[in-house]
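The values are calculated or read from the model by the stated rules, or taken from the named source; none is laboratory data. Since we're looking at a predicted model, the values are computed, not measured. Don't worry about glycine lacking a Cβ; one is built from the backbone with ideal geometry, like all the others, and counts go over all protein chains shown. Ligands, DNA and RNA are stripped out before the accessible areas are found, and what is left, the full protein with its side chains, is counted by its heavy atoms. Shrake-Rupley method; radii C 1.70, N 1.55, O 1.52, S 1.80 Å.
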Amino acid sequence: MEVIRVEGGHPLSGEVTVEGAKNSALKLMAATILAPGVNYLRNVPNIADVHVMGKVLKCLGAKVDVLGVHELRIDTSSVDSWETPYHLVEQMRASTAVLGPLIARFGKAIVAMPGGCNIGARKIDMHILGLQALGVEFNIDHGDIHASAPHGVTGTTVSLDFASVGATENLIMASVHAKGTTVIDNAAREPEIVDLANMLNEMGAHIKGAGSPVIEVTGVDKLSPVDHTVVGDRIEAGTFIAAMAGITGDKLTVKGFEPLHLGLVLKKYEQMGISIERGDREVVASRSGDIRPVDIQTLPFPGFPTDMQSQTMCLLSVAKGTCIITENVFESRFMFASELQRMGSNIVIKGHHAVVHGVDGLQGAEVKSPDLRGGAALVMAGLVADGVTTVSAIHHIDRGYEGFVEKLQALGAKVERVQVPDPEIVE
Ligand code: UD1
């Protein structure tokens, strides 16, 4: 098996450019189903999740060609299936993003029911309740969700219990051709939702209010293919800021994203003692003093992103003092803490609160990525730990970070991917 091996304590410096946002690219790819013809997507990250979404689209009948490393040509004129099988949904929950587009294009969809994953149950009840309000009927049969809109999709007001990113996106996409206007109340406000709405509007949709809690979608007859550039990945940018200016204290320039998309993260990091200079699509970050403990609670955007929680916990684990991290979005996202304990951290979990007592230093150890962001945060911990850290289950990291190891190497880190024998399985 392949692991990432990190040698701690080497000074880093330099600049890194982030890729297009994973969480945007996946939904934009799904949205091309809505505009039959040849669509071009640029700044698409070359990561495992994008490859899975490519397979989903191909399985529906689309032609997906990689033009350059970050450019996709997606011809959706030949899409003639509305069924997404379990072996793909099981690999990536975001495959359910095709539900809305398939309902809008064909009036029906069959999507395998997603299971749980390492960060919690991740239900889709809000997607289903919202779509039902628009006239979509559902049947769950042998693990598949069968959706059909026998009388078409009809606009109405849908109030979400929680500002779910995935439910907001599926509702927007399902209602682009609806009769009348759909109002999504308590909609998610993430920058990736704005990117999706912008692309759909470029295709000819009528969507107002994306980025605010109330989104209005007025149905149109037809959408046309587009050429669209994916928004920069704020979470990849935040990860590098946490990994360098944050934990190692070295000066770093991060380019290719909008600093406003990391608003609260940067503010909290400043409170921790990290100096942040905001520029045009870039941030210069560094730290000279100790890391100060600061309480964090994750919330939907513009709150502190759950996708930055593990990296921030890693940072706070070596702060001078104690603080509390509250996870409000995903119930099982503290699994990272037990891996970090193996490196000498002192973190006490109580329900959805983590009490983080800062320690003087971390020690290198063999650890296992619990999920995508937790995996990146373990590599980050290895950068300052004494000795060598070996991170396994790195397929999680490959899902969402393009060239993570190579980018860290270019900044001066002693980090590499190495093959090690598979551990013996004891029955
Ligand atoms: C997306 C992001 C993920 C990010 C998350 C929150 C993608 C591919 N993934 O995930 O990286 O961490 O937003 O910012 O874009 N929930 C329900 N019922 C539902 C839908 C959600 O109970 O029908 C719950 C989930 O289990 C979770 C919370 O609501 O506890 C938030 O989920 P949601 O915002 O929908 O996240 P995703 O779209 O799955």
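The table below gives the values:
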quantity: Unique match (being part of a loop (DSSP other than H, G, I, E, B) and touching a strand residue (DSSP E or B) at 6+ places or on another chain (Cβ under 8 Å)) among G152, G130, G54; calculated: G152
quantity: Hits in the range 354-396 (condition: within 16 Å of the ligand (Cβ to nearest atom) and either part of a strand (DSSP E or B) or not basic (K, R) (or both)); calculated: S369, P370, D371, L372, G374, G375, A376, A377, H396
quantity: Candidate set: the range 155-167, residues that are open to solvent by less than 70 Å² (accessible area, probe 1.4 Å) and either assigned to a strand (DSSP E or B) or among the β-branched types (V, I, T) (or both); chosen: the one nearest to the ligand (Cβ to nearest atom); calculated: V165
quantity: The range 68-82, residues that are modelled with pLDDT of 95 or more and not in a loop (DSSP other than H, G, I, E, B); calculated: E71, L72, R73, I74, D75
quantity: In the range 133-152, residue farthest from the chain's Cα centre (by Cα) [restricted to those that are under 13 Å from L99 (Cα atoms) and charged (D, E, K, R)]; calculated: E137
quantity: Top-ranked residue of the range 410-422 - restricted to ones that are open to solvent by 50 Å² or more (accessible area, probe 1.4 Å) and in contact with a Gly (Cβ under 9 Å, 6 or more places away or on another chain), ranked as farthest from E15 (Cα to Cα); calculated: K414
quantity: Considering residues of the range 1-22 that are surrounded by 24 or more Cβ atoms within 10 Å (Cβ to Cβ) and not hydrophobic (A, V, I, L, M, F, W, C) only, the residue farthest from the ligand (Cβ to nearest atom); calculated: E19
quantity: Index of the failed condition, I47 passing every other in (1) over 17 Å from D227 (Cβ atoms); (2) open to solvent by 10 Å² or more (accessible area, probe 1.4 Å); calculated: (2)
